[in-house]
Amino acid sequence: MSVFLSRAILDFFIAFGIVLGGAMVGGVGAVLSLQPPTQTMLEVADRIKIWALAAAIGGTIDPMRVIESNVAVGNLSPAIKQVLYLGFAFLGAHMGSELVKWVCSSRS
């Protein structure tokens, strides 16, 4: 498997896991604090998406620097790879959020 595809898959599942795990643990916290877990899980899943995206791509702004520096000199291949990594991470975070919404709506 290519390095690009391996990293893209990892970025997807890291973001997916952060959203799903954060929402589930948030639901446990809601139960312990006597709040409605379904509503808390939905709110956490929506709020944590951007953080899942940032964590999946490395937690820093280095990918943005790679895009900027490579586009500035006309080398588009590394920039396109970074944009695709961002896309895979976003897709993972969004799929995690949608899964939480789906599970919470089927329980209501």
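Details
- Number of positions in the stretch 69-108 that are of a type in the set (K, R) and under 13 Å from the mean Cα position of the chain (by Cα): 0
- Complete set of residues in the stretch 1-23 that are in contact with a Ser or Thr (Cβ under 8 Å, 6 or more places away or on another chain) and of a type in the set (K, R): none
- Residue selected from the stretch 87-102 under the condition in contact (Cβ under 8 Å) with a residue 12 or more places away in the chain and open to solvent by 30 Å² or more (accessible area, probe 1.4 Å), by the criterion farthest from L5 (Cα to Cα): K101
- Restricting attention to the stretch 39-65, the residues being among the β-branched types (V, I, T), open to solvent by less than 50 Å² (accessible area, probe 1.4 Å) and in a helix (DSSP H, G or I) number 3.
- Restricting the first member to the stretch 1-13 and to residues that are over 12 Å from L84 (Cα atoms), and the second to residues that are surrounded by 15 or more Cβ atoms within 10 Å (Cβ to Cβ) and at pLDDT 90 or above, the beta-carbon pairs closer than 7 Å and six or more apart or on different chains are F13/G92.
The values are calculated or read from the model by the stated rules, or taken from the named source; none is laboratory data. Keep in mind that what you see is a predicted model, and the values were worked out from it rather than measured. In this analysis, Cβ positions are derived from the backbone assuming ideal geometry, glycine residues included, and neighbour counts consider all displayed protein chains. All accessible areas refer to the heavy atoms of the entire protein, side chains included, with ligands and DNA or RNA removed. Shrake-Rupley method; radii C 1.70, N 1.55, O 1.52, S 1.80 Å.
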